[in-house]
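The values are calculated or read from the model by the stated rules, or taken from the named source; none is laboratory data. Note that the coordinates shown come from a computational prediction; the quantities given were computed from them, not determined experimentally. When we count neighbours, we look across all protein chains shown, and the Cβ atoms used for this are built from the backbone with ideal geometry, even at glycine.
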Amino acid sequence: MGNYIRFDWAMKRLLRNKADHVVLEGFLSVIFKRQIKIAKILESEGNQDFEEQKFNRVDFLAEDEQGELMLFEIQNSHELDYFHRMAYGASKVIADYLGKGEPYRNLKKVYSINIVYFTLGQGKGYAYHGTVDFVNMSDATDVLQLTDGQKKAFHVETVSQIFPEYYLFRVNNFDQLATSSIEEWISFLKTGEIPDTYTAQGLPEAREILRVDNLNEEDRKAYNRYMEILRFNRSVMDSSHIEGMMEGEEKGIELGMEMGMAKGLAKGRAEGAQSEKLDTAKRMKSEGLDINLIAKITQLPIDEIEKL
């Protein structure tokens with residue numbers, strides 16, 4: 001375990017405290033390139049502290065002093081339809097926070113901030129920003145604009161400022177030296193470390209607030225369990241990826257193998273995977289994790305876990 005608490009677990013357990021909002025405000029200010037002050041934390045359906053339901057992702061909803069909403073989604077496990085869930089999440093926030101009978105002009109601005117720890121889509125970068133514009137189908141240079149009256153009534157300058165905006169950070173795609181504030185933050189999100197040279201807004205405070213050795217005994221155990229679950233999930237994904245590649249590369253060779261050798265290889269691979277599951281279950285059990293949750297994660301029978 002590193003010196004600092006992972007950002008996603010901190011958002012679930014620590015950063016909801018008003019005294020610690022400075023860390024989250026720093027991150028948002030770096031993203032938006034303007035100063036953000038959080039007025040309050042709102043309930044999101046994902047803000048549940050039940051590991052058996054939410055062990056691979058974290059949802060977090062904040063409202064700033066301007067009444068704008070920031071929906072955080074941190075996803076640790078591969079999810080093929082994640083783009084669809086981004087769209088659904090932003091739409092649900094809009095619907096939930098427009099009161100019945102309120103005029104549509106009272107819609108709150110929503111920012112969907114997504115931090116993913118798996119390969120999502122195809123692209124060269126690690127940080128992406130998406131907005132909604134209406135472009136003339138006959139002239140790509142003609143983008144639909146608001147009238148002066150609309151600008152005055154809605155207090156915005158462009159159509160895109162009305163619609164949700166999406167920020168996507170593909171953390172695992174960051175593999176360079178951090179030379180800017182946003183890169184320092186992405187480096188922290190990926191490695192969990194904050195070098196003394198990092199000065200991006202929010203990180204100096206995170207260096208103190210998110211120290212692992214500041215956790216009480218209960219939180220330390222909960223954090224260890226969370227990290228164990230993430231390590232197991234990552235191991236399963238890595239193993240599946242490697243096995244898939246090996247199976248593809250060896251398919252031609254295996255066609256010429258004797259059946260007995262092929263069965264031996266399959267048996268050895270299965271026994272290795274079973275041994276890894278048992279070791280992981282044993283570590284989880286020693287940390288006090290619920291046996292039913294261990295069974296769900298490792299796919300091992302409950303009676304077998306009880307014997308460990």
Quick one: would you say residue 144 is surrounded by 15 or more Cβ atoms within 10 Å (Cβ to Cβ) and in the same structural domain as residue 79 (by TED's automatic domain parsing)?
no
Does residue 107 satisfy the condition of being farther than 30 Å from residue 230 by Cβ, free of Cβ contacts under 8 Å to residues at least 60 places away in the same chain, surrounded by 15 or more Cβ atoms within 10 Å (Cβ to Cβ) and more than 18 Å from the chain's Cα centre (by Cα)?
yes
Considering only residues that are part of a loop (DSSP other than H, G, I, E, B) and within 18 Å of the chain's Cα centre (by Cα), which ones fall in the stretch 124-138?
125, 126
Across the stretch 157-175, the tally of residues that are out of contact with any helix residue (DSSP H, G or I) (no Cβ under 8 Å at 6 or more places or on another chain), of a type in the set (A, V, I, L, M, F, W, C) and in a loop (DSSP other than H, G, I, E, B) stands at 1
Which of the residues spanning the stretch 70-89 are part of a loop (DSSP other than H, G, I, E, B) and either among the hydrophobic types (A, V, I, L, M, F, W, C) or in contact (Cβ under 8 Å) with a residue 24 or more places away in the chain (or both)?
76, 77, 78, 79, 80
State yes or no: is residue 60 touching a helix residue (DSSP H, G or I) at 6+ places or on another chain (Cβ under 6 Å) and under 24 Å from residue 186 (Cα atoms)?
yes
Subset of the stretch 95-120 [assigned to a loop (DSSP other than H, G, I, E, B) and touching a strand residue (DSSP E or B) at 6+ places or on another chain (Cβ under 8 Å)]:
97, 108, 109, 117, 118, 119, 120
State which residue pairs qualify: first residue at positive phi and inside the stretch 274-291, second residue modelled with pLDDT of 80 or more in any location, beta carbons under 7 Å apart, and separation of 6 or more residues or different chains.
288/221
Helices (runs of 4 or more DSSP H) wholly inside the stretch 254-308 that include at least 1 residues being at pLDDT 80 or above and either under 14 Å from residue 228 (Cα atoms) or touching a strand residue (DSSP E or B) at 6+ places or on another chain (Cβ under 6 Å) (or both)
259-286, 291-298
I'd like to verify a number: residues in the stretch 78-104 that are over 23 Å from the mean Cα position of the chain (by Cα) and acidic (Asp, Glu), how many?
1
Considering only residues of the stretch 150-203 that are among the basic types (Lys, Arg) and either exposed (fewer than 14 other Cβ atoms within 10 Å of the Cβ) or more than 20 Å from the chain's Cα centre (by Cα) (or both), which is nearest to residue 115 (Cα to Cα)?
151
Residue 54 passes all but one of the listed conditions (1) basic (Lys, Arg); (2) out of contact with any helix residue (DSSP H, G or I) (no Cβ under 9 Å at 6 or more places or on another chain); (3) modelled with pLDDT under 90; the exception is number (2)
